[in-house]
Amino acid sequence: MTAAGRARRSDVRRNEQVLLDAAAAVFVRAGVDAPVREIAAEAGLGMGTVYRHFPTRADLVVAVFRHQLDGLAAEDPPTVGTPYDVLRAWVDRFADFLITKHGLAAALHSDQAGFESLHAEFVERLMPVLDRLLAASSAAGHTRDDVRAYDLMLGIGNLCIGVESLPDYRARRMIDLLLSGLRLPA
């Protein structure tokens, strides 16, 4: 393989990552039906590049979903302070992921089996991560030790549901209240 071939492939991979990050940000702000031109502008790339990587909206939404899932399921989450701070940062990213996920069903249209398969994968991959984050925060004395990861995951998910349909709904504020309820007094 030539050096030009390797450079092209790394550039293609970089463009794809830039597109996925840009699309995720746009989807959180404007939903999965946001115009492709907005995603291209956010990425600093042309619309042709978007379509070359993701020929359909469903392809793009599923790729963003998997990209976010990979980031959330990473073995070593980014450290941003105390175990409670790490938990909060992960929950913020998880909320972004859920906002994108809520639009996934519509983007997949009638592929209910595909949607259910992706949902099962996200629960399977993320539950252990959230469990570890909760255990670390609890062991450090920051949060209660009687909260199950599954219950917290469902609570956060339910708090994100109103984002699409209620224009004045503040899911982040509700999640902050939920997380505050997990905290132990200093």
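Any read-out appearing in this document is the output of simple, stated calculations on the displayed coordinates, not a laboratory observation. Keep in mind it's a predicted model, so treat the numbers as computed, not measured. Neighbour counts are summed over all protein chains in view; Cβ atoms, including those assigned to glycine, are modelled from backbone coordinates with ideal geometry.
Each 5 Å bin, from zero up to the one with the longest distance, holds this percent of the alpha carbon pairs of the stretch 1-55: 4, 21, 28, 21, 11, 7, 4, 2, 0. The calculated FRET efficiency for Ala89 paired with Arg183, based on their beta-carbon distance and R0 = 22 Å, is about 0.90.
How do 89-98, 13-22 rank on mean C-beta neighbours within 10 Å, highest first?
Details: 89-98: 19.9, 13-22: 16.5.
Taking the mean over residues of other Cβ atoms within 10 Å, the ranking is 89-98, 13-22.
You can think of it this way: the chain between Thr56 and Arg148 has 29.3 nm of extra reach, that is 0.36 nm per residue less the Cα-Cα gap.
Entry note, the stretch 1-55: relative contact order of 30 percent, from Cα contacts under 8 Å with a spacing of 6+ residues. Model label sites at Asp21 and Arg9, defined 7 Å from Cα along the beta-carbon direction, differ in position by 2.2 nm.
At an R0 of 45 angstrom, the distance between the Cβ atoms of Glu38 and Met127 translates into a FRET efficiency of 0.85.
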